[in-house]
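Visitor: Dropping the structure in here first, questions after.
The values are calculated or read from the model by the stated rules, or taken from the named source; none is laboratory data. Values in this document were obtained by computation on a predicted structure and should not be read as measured data. Glycine also receives a Cβ, built like all others from the backbone with ideal geometry; neighbour counts cover every protein chain displayed. Side chains included, ligands, DNA and RNA excluded: accessible areas come from the protein's heavy atoms. Shrake-Rupley method; radii C 1.70, N 1.55, O 1.52, S 1.80 Å.
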Amino acid sequence: MAHTSPGSEVTMGAALNRALHDALAADPNVLVYGEDVGPLGGVFRVTDGLTATFGEERCFDSPLAESGIVGTAIGMAVYGLRPVVEMQFDAFAYPAFEQVTSHLAKMRNRTRGAVTLPVVIRVPYGGGIGGVEHHSDSSEAYYTHTPGLRVVTPGTPADAYSMLREAIDCDDPVLFLEPKRRYRAKEAFEPPVRTEPMERSVVRRSGSDATLIAYGPMVATALEAAETAAGEGRDLEVVDLRQLTPFDDATVTASVRRTGRAVVVHEASVFGGYGAEVAARVTEQCFHHLEAPVLRVGGWDVPYPPPKLEEHHLPGVDRIPAAVDRLEWDSEWVEGR
């Protein structure tokens, strides 16, 4: 387990590790398992030391069978356990998709609440690490389209700790999307800590000219872009969504009504992506406050590229301010990203 001293900087990976440790210590019904999460500590070492501390009955390796991992977690949860399972990489989770959408998401509703499903599925997701196409997916839209699931993704180390603890305590199934490119991002805080409840979005930076709406790996990018834009005379607000579904309309719409303009930023391809839902909700609820169409900045509509090209595929501090410049300041809106 990663140890920290008061006020020290904690990486997101260490924060997640500490959250799992503290959850295992607090509740004997919590179990952690998945591919290579035991003695190895996981591909990204997020589960490092947990087997040594709690034994192989509490943190253990599973067969390489994602459908079986989620299927057994459903059965464990029905009988009172609180399993926390890991999908080793984002695209590796697809073999378990039927278990997630047909069973995990529906069981509590079909039993009229008699059966709870306190299952957390941890999914390292997104690009930025030089991985290939099966290791860099942003699959949030598949899960947010499925009623019955909570889908959350932290953008900071403190949120990673707090939101994972909250997800494990939750009686609903939670897809916990971990932005793998941010595992080494640091923040000064002392765990255990509880930040805002995970169902609330947070304004990370106040501004008056436009709102950047981001989540997970793009929160840091949006903040960097806002700093760049400030040097060019634009005062941008940054909203971190945190929980993707259910959606926090109140925080997002309050921000956009103040600024009158919005850009949604995510790594996933734009067409049919999660940003389309955000843009639609903002337009429906803020129409009379908008000074310009809600724009989206995301990955290009192509299969994920090889590592040498991913920096051109993912949104960066160049493409986000460029979108802001198209928000009908003094001229006609130009169609396109």
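Visitor: Out of Lys180, Lys186, I need the residue that is in contact with a Pro (Cβ under 8 Å, 6 or more places away or on another chain) and crowded, with 20+ Cβ neighbours inside 10 Å. Which one?
Guide: Exactly one of Lys180, Lys186 is in contact with a Pro (Cβ under 8 Å, 6 or more places away or on another chain) and crowded, with 20+ Cβ neighbours inside 10 Å, namely Lys180.
Visitor: Exactly one of these conditions fails for Ala225: (1) touching a helix residue (DSSP H, G or I) at 6+ places or on another chain (Cβ under 6 Å); (2) surrounded by fewer than 24 Cβ atoms within 10 Å (Cβ to Cβ); (3) outside any loop (DSSP other than H, G, I, E, B); (4) hydrophobic (A, V, I, L, M, F, W, C). Give me its number.
Guide: It is condition (2) that Ala225 fails.
Visitor: A further question on this structure: With respect to Ala268, determine if the residue is in contact with an Asp or Glu (Cβ under 9 Å, 6 or more places away or on another chain), closer than 18 Å to Val297 by Cβ, open to solvent by 10 Å² or more (accessible area, probe 1.4 Å) and of a type in the set (A, V, I, L, M, F, W, C).
Guide: Yes.
Visitor: Being open to solvent by 10 Å² or more (accessible area, probe 1.4 Å) and touching a Leu at 6+ places or on another chain (Cβ under 7 Å) narrows it down to one residue among Gly128, Gly148; which is it?
Guide: Gly128
The rows are residues; the columns are (1) modelled with pLDDT under 95; (2) closer than 19 Å to Met163 by Cα; (3) touching an Asp or Glu at 6+ places or on another chain (Cβ under 9 Å); (4) open to solvent by less than 10 Å² (accessible area, probe 1.4 Å).
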{"site": "Ala19", "(1), (2), (3), (4)": "no, yes, no, yes"}
{"site": "Thr53", "(1), (2), (3), (4)": "no, no, no, no"}
{"site": "Cys59", "(1), (2), (3), (4)": "no, no, no, yes"}
{"site": "Glu66", "(1), (2), (3), (4)": "no, no, yes, no"}
{"site": "Gln99", "(1), (2), (3), (4)": "no, no, yes, no"}
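Table: residues versus (1) within 21 Å of His145 (Cβ to Cβ); (2) charged (D, E, K, R).
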position: Ser255; (1), (2): no, no
position: Arg258; (1), (2): no, yes
position: Gly273; (1), (2): yes, no
position: Phe287; (1), (2): no, no
position: Arg296; (1), (2): yes, yes
position: His312; (1), (2): no, no
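Visitor: Suppose we filter the stretch 244-280 for residues that are in a helix (DSSP H, G or I), closer than 19 Å to Pro154 by Cβ and of a type outside the set (Ser, Thr, Tyr); how many remain?
Guide: Filtering the stretch 244-280 down to residues in a helix (DSSP H, G or I) leaves 249-259, 274-280.
Remaining after also requiring closer than 19 Å to Pro154 by Cβ: 251-252, 274-275, 278.
Going one step further and asking which of them are of a type outside the set (Ser, Thr, Tyr), we end up with 252, 275, 278.
Qualifying residue count, the stretch 244-280: 3.
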